[in-house]
1. Pick from Leu62, Leu74: which is open to solvent by 50 Å² or more (accessible area, probe 1.4 Å) and under 16 Å from the mean Cα position of the chain (by Cα)?
2. Which pairs turn up if I take residues in region 36-50 that are at pLDDT 85 or above and look for partners that are part of a loop (DSSP other than H, G, I, E, B) and open to solvent by 50 Å² or more (accessible area, probe 1.4 Å) with beta carbon separation below 7 Å, at least 6 apart in sequence or on another chain?
3. Which of the residues spanning region 97-111 are open to solvent by less than 10 Å² (accessible area, probe 1.4 Å) and in contact (Cβ under 8 Å) with a residue 40 or more places away in the chain?
4. Could you list, in sequence order, all residues of region 112-141 that are assigned to a loop (DSSP other than H, G, I, E, B) and open to solvent by less than 60 Å² (accessible area, probe 1.4 Å)?
5. Can you tell me which residue is surrounded by the fewest Cβ atoms within 10 Å (Cβ to Cβ) among those in region 79-96 that are more than 9 Å from the chain's Cα centre (by Cα) and of a type in the set (S, T, N, Q)?
6. Collect the residues in region 44-59 that are open to solvent by 70 Å² or more (accessible area, probe 1.4 Å) and not aliphatic (A, V, I, L, M), keeping them in residue-number order.
7. Collect the residues in region 82-92 that are outside any strand (DSSP E or B) and touching a Cys at 6+ places or on another chain (Cβ under 7 Å), keeping them in residue-number order.
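The values are calculated or read from the model by the stated rules, or taken from the named source; none is laboratory data. Please read these numbers as outputs of a predicted model, since none were measured by experiment. Here the Cβ is made from the backbone with ideal geometry for all residues, glycine too, and neighbour counts use every protein chain on show. To get the accessible areas, we keep the full protein, side chains included, count just its heavy atoms, and leave off ligands, DNA and RNA. Shrake-Rupley method; radii C 1.70, N 1.55, O 1.52, S 1.80 Å.
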Amino acid sequence: DERIKIMTLPSGPVPSFPNTTGLQDGRALNKLAGLMGSVCTITAKAGGTKAAATEITGVKCLIDVCATNGDSALLPPGYPGLEITIFNAGAANAQIFGSGSDTINEIATGTGVTQNAGISAVYTCYSVVAGVGIWGRTLSA
């Protein structure tokens, strides 16, 4: 839909704000606003490998094409508090991988997790330890 503006996730850390009643840096607020409204539609890449996975570039993501089981997608680098919602509208189960060494539900980064067709999931980054994002996942029924 051409009415939807596609915004990409930032490449740097999500801004933090000082605990003050003073003015805030508008550039940081704009960066945060971009995160909240970003949407993407992707095709999960055939082959099921992390190296070939399609990068997710929005906080709300629709996998509209997943032709065979294991076609893959890659989460963005994790930041504490970052949530990515993915709906797999494809015909097959997708394989979702963390970026770099990031883990999802303590599953090794090279293994990833399966997201079944017709299921939505919320991926939440709870912390980053030594550069590794610690993600959890909540599945729809």
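1. Among Leu62, Leu74, only Leu62 is open to solvent by 50 Å² or more (accessible area, probe 1.4 Å) and under 16 Å from the mean Cα position of the chain (by Cα).
2. Taking only residues 6 or more apart or on different chains, the pairs are Ala46/Ala67; Ala46/Thr68; Lys50/Gly110.
3. Phe97
4. Of everything in region 112-141, those that are assigned to a loop (DSSP other than H, G, I, E, B) and open to solvent by less than 60 Å² (accessible area, probe 1.4 Å) turn out to be Gly112, Ala117, Gly118, Ile119, Ser140.
5. Among residues in region 79-96 that are more than 9 Å from the chain's Cα centre (by Cα) and of a type in the set (S, T, N, Q), the one surrounded by the fewest Cβ atoms within 10 Å (Cβ to Cβ) is Asn93.
6. Scanning region 44-59 gives Lys45, Glu55.
7. Of everything in region 82-92, those that are outside any strand (DSSP E or B) and touching a Cys at 6+ places or on another chain (Cβ under 7 Å) turn out to be Leu82, Gly90, Ala91, Ala92.
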